[in-house]
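Colleague: Starting off with a structure, shown below.
The values are calculated or read from the model by the stated rules, or taken from the named source; none is laboratory data. All of these numbers come straight from a predicted model, not from anything done at the bench. Here the Cβ is made from the backbone with ideal geometry for all residues, glycine too, and neighbour counts use every protein chain on show.
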Amino acid sequence: MIKIFAVDIKNGKVVKAYAGTRLNYKPLKIKNKDFSDANLVIKKAISVGIKNIYIADLDSIENRKNNWYLIRKIVETNQKINFFFDSGFNRVSKLRDFNFFFKKNKEIKNITVVIGTEGISSLNLLNQLNIQFKSIISFDFLKKKECFVFSNQFSCDKFILMFIKQVGGRGINWPFLNIISKFISPKKCFVAGGIKYDGDIKKLKKLGYSGVIISSLIHKELI
């Protein structure tokens, strides 16, 4: 099972995510130590063996500014790490702009774009984005977008099941996860949101899930 470290960036700082209420996200502190510097957090994570990192650009997801300069530098500096990047790609032009900006200096191969459903209301648009660009679809279970996950029209090899309301270790929604497994094979899915204990990871592994996206459990290893 793959463990992917989740890093949320807002206003250029790493923030602590909780239950999807982004207005309340604060710069990350672990045992009263400042861990809001993205380069520091990622360097620490790599030092404890992390090889896969998911970055959410919260400013871009909420259609404000973006943190692309910072994130490009991080990805370029850590070529041996696999990055998954969610920047709220809710239209083709935004994804094209990102690809142009990110790869205009050199070819960068260690990043996979995440297409999240949070800002997408059309299944056709979701498919269009997925087909045109190398990406992974994140089913963001928020604002009643659950219906997308029950479509069989996707050509993706991997999906993220993102339980936004459970973020911050609020517990896995096991009943809904069981329903989803009847439509998408667990071996195609990474689970994110609500993972509180190592036992949760072991249970998900036993159920056949490919990986987990976690933050709080890894924060404990960074001190």
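Colleague: Residues being under 13 Å from Phe98 (Cα atoms), of a type in the set (Ser, Thr, Tyr) and either under 16 Å from the mean Cα position of the chain (by Cα) or part of a loop (DSSP other than H, G, I, E, B) (or both): count how many of those fall in segment 50-72.
Modeller: Residues that pass the stated criteria total 1.
Colleague: Could you run through segment 15-49 and say how many residues are more than 15 Å from the chain's Cα centre (by Cα), surrounded by 15 or more Cβ atoms within 10 Å (Cβ to Cβ) and part of a loop (DSSP other than H, G, I, E, B)?
Modeller: Residues in segment 15-49 being more than 15 Å from the chain's Cα centre (by Cα), surrounded by 15 or more Cβ atoms within 10 Å (Cβ to Cβ) and part of a loop (DSSP other than H, G, I, E, B): 5 in total.
Colleague: Give the residue that is surrounded by the fewest Cβ atoms within 10 Å (Cβ to Cβ), with candidates limited to residues of segment 73-114 that are outside any helix (DSSP H, G or I), at pLDDT below 95 and aliphatic (A, V, I, L, M).
Modeller: Ile108
Colleague: Only one of Phe176, Phe163 is under 27 Å from Asn63 (Cβ atoms) and surrounded by 14 or more Cβ atoms within 10 Å (Cβ to Cβ); which?
Modeller: Numbers: Phe176 fails: under 27 Å from Asn63 (Cβ atoms).
That would be Phe163, the only listed residue that is under 27 Å from Asn63 (Cβ atoms) and surrounded by 14 or more Cβ atoms within 10 Å (Cβ to Cβ).
Colleague: Continuing with this model, one more query. Could you grab me the full set of residues in segment 187-200 that are of a type outside the set (D, E, K, R) and either surrounded by fewer than 20 Cβ atoms within 10 Å (Cβ to Cβ) or over 23 Å from Phe85 (Cα atoms) (or both)?
Modeller: Residues of segment 187-200 that are of a type outside the set (D, E, K, R), as a first pass: 189-195, 197, 199.
Selection gives Tyr197, Gly199.
Colleague: Filter segment 159-172 for residues that are assigned to a loop (DSSP other than H, G, I, E, B) and modelled with pLDDT of 90 or more; which is nearest to Leu217 (Cα to Cα)?
Modeller: Within segment 159-172, the subset assigned to a loop (DSSP other than H, G, I, E, B) is 163, 167-172.
From the residues that got through so far, the ones that are modelled with pLDDT of 90 or more too are 163, 172.
Values: Phe163: 16, Ile172: 14 Å.
So, considering only residues that are assigned to a loop (DSSP other than H, G, I, E, B) and modelled with pLDDT of 90 or more, the one nearest to Leu217 (Cα to Cα) is Ile172.
Colleague: Any chance segment 89-96 includes a residue that's of a type in the set (Gly, Ala, Ser) and within 19 Å of the chain's Cα centre (by Cα)?
Modeller: In the first step, residues of segment 89-96 are kept if they are of a type in the set (Gly, Ala, Ser); the result is 93.
From what is left, the residues that are within 19 Å of the chain's Cα centre (by Cα) are none.
For segment 89-96, residues of a type in the set (Gly, Ala, Ser) and within 19 Å of the chain's Cα centre (by Cα): absent.
Listed here are the residues, each with its yes/no results for (1) in a helix (DSSP H, G or I); (2) among the acidic types (Asp, Glu).
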{"position": "Leu142", "(1), (2)": "no, no"}
{"position": "Asp157", "(1), (2)": "no, yes"}
{"position": "Ile179", "(1), (2)": "yes, no"}
{"position": "Lys187", "(1), (2)": "yes, no"}
{"position": "Lys202", "(1), (2)": "yes, no"}
{"position": "Tyr209", "(1), (2)": "no, no"}
